[in-house]
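Structure, as structure tokens:
The values are calculated or read from the model by the stated rules, or taken from the named source; none is laboratory data. If you're wondering where the values come from, they're calculated on a predicted model, not measured in any experiment. Here the Cβ positions follow ideal geometry from the backbone for every residue, glycine too, while neighbour counts run over all protein chains shown. Areas reflect the complete protein model, heavy atoms only, side chains present, ligands, DNA and RNA absent. Shrake-Rupley method; radii C 1.70, N 1.55, O 1.52, S 1.80 Å.
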Amino acid sequence: VIAASYSLAGNGLTKIYTDKQQNLWVTSVKGLFKLNPNSFAFKWMPLSQAGKEKQSIFHIIPDLNNAQTVFYLTTQSGWYRYDAVMQTIVPHILPADKNQLLKNINNWVSDDRGYWFTSENGFGYYDVFNNSLQVLNQHVIFASGQRVTGNIARATEKNYWVTLKRSGILVYDRVAKKDTVIFGDKNKPDNTYGNAIYDLQKGTDGHVWFTS
């Protein structure tokens, strides 16, 4: 049991990330929390450090080079970079993004150069090293007639599965830059058309599992 003074209750928790030291990093409407479940060491880092009070943090994304000490915190007004060693939270300069994809992301997966992500405003890829954004909305709009994408999983070395809003799963081939929609044909028995897909994960057996 955690002491009341260390309670997370009422803070509107959004995401949880576990590092190699088994620390729990929790994002919330009141900032970032760090909790060690073994020692119960507790730390609260409000975004007021970055001059942004009462700013909800929706995701905590480990940096590609320093995944245990540096994290990106996503909010609707932009991203912040948290350095656990320096104990600093500073604004992270994003590339030009007229579609506001990065400000409204839903889920993400990483590769060796950046992050593939879904968003309320589409689907894309953020190359962190070049600080460049690849907008892939045309695939989503053509497949489902709207922009919202939900979950994402790296199914193979080149294929990413992206859930569409009540219209199946978009399989995007990053090499060929082409897409296929599966489980979206309402005339076939094995379809999810009209149903929300709540989660999408690749299992250790190599299969992609989803709930609907």
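Going by the structure shown, is residue 97 modelled with pLDDT of 95 or more and surrounded by 14 or more Cβ atoms within 10 Å (Cβ to Cβ)? Spelling it out, it is not the case that residue 97 is modelled with pLDDT of 95 or more and surrounded by 14 or more Cβ atoms within 10 Å (Cβ to Cβ). In the set (1) open to solvent by 50 Å² or more (accessible area, probe 1.4 Å); (2) touching an Asp or Glu at 6+ places or on another chain (Cβ under 9 Å), residue 160 fails one condition alone, (1).
Screening residue 135 against (1) touching a Gly at 6+ places or on another chain (Cβ under 8 Å); (2) touching a residue at least 40 places away in the same chain (Cβ under 8 Å); (3) within 19 Å of residue 103 (Cβ to Cβ) leaves a single unmet condition, (2).
Could you say which residue among 15, 52 is assigned to a loop (DSSP other than H, G, I, E, B), open to solvent by 50 Å² or more (accessible area, probe 1.4 Å) and at pLDDT below 85? Write out each step before concluding.
Values: 15 fails: assigned to a loop (DSSP other than H, G, I, E, B).
Among 15, 52, only 52 is assigned to a loop (DSSP other than H, G, I, E, B), open to solvent by 50 Å² or more (accessible area, probe 1.4 Å) and at pLDDT below 85.
Scanning the range 120-148 for residues that are under 19 Å from residue 186 (Cα atoms) and of a type in the set (S, T, N, Q) gives 144, 146. Residue 190 meets each of the listed conditions (1) on the phi < 0 side of the Ramachandran plot; (2) surrounded by 13 or more Cβ atoms within 10 Å (Cβ to Cβ) apart from (2). Being more than 19 Å from residue 177 (Cα to Cα), open to solvent by less than 20 Å² (accessible area, probe 1.4 Å) and either of a type in the set (Gly, Ala, Ser) or touching a strand residue (DSSP E or B) at 6+ places or on another chain (Cβ under 7 Å) (or both): is that true of residue 70 here? Here the answer is yes, as residue 70 does meet what is asked.
When residues of the range 60-89 are filtered for being closer than 21 Å to residue 30 by Cβ and at pLDDT 90 or above, how many remain? Explain how you work it out, then say what you get.
From the range 60-89, those closer than 21 Å to residue 30 by Cβ are 60-61, 71-84, 87-89; that's our starting set.
In the following step, the residues that additionally are at pLDDT 90 or above were identified as 60-61, 71-74, 79-83.
Selection size over the range 60-89: 11.
Of all residues in the range 67-91, exactly one satisfies the criterion of being among the small types (Gly, Ala, Ser) and in a strand (DSSP E or B), namely 78.
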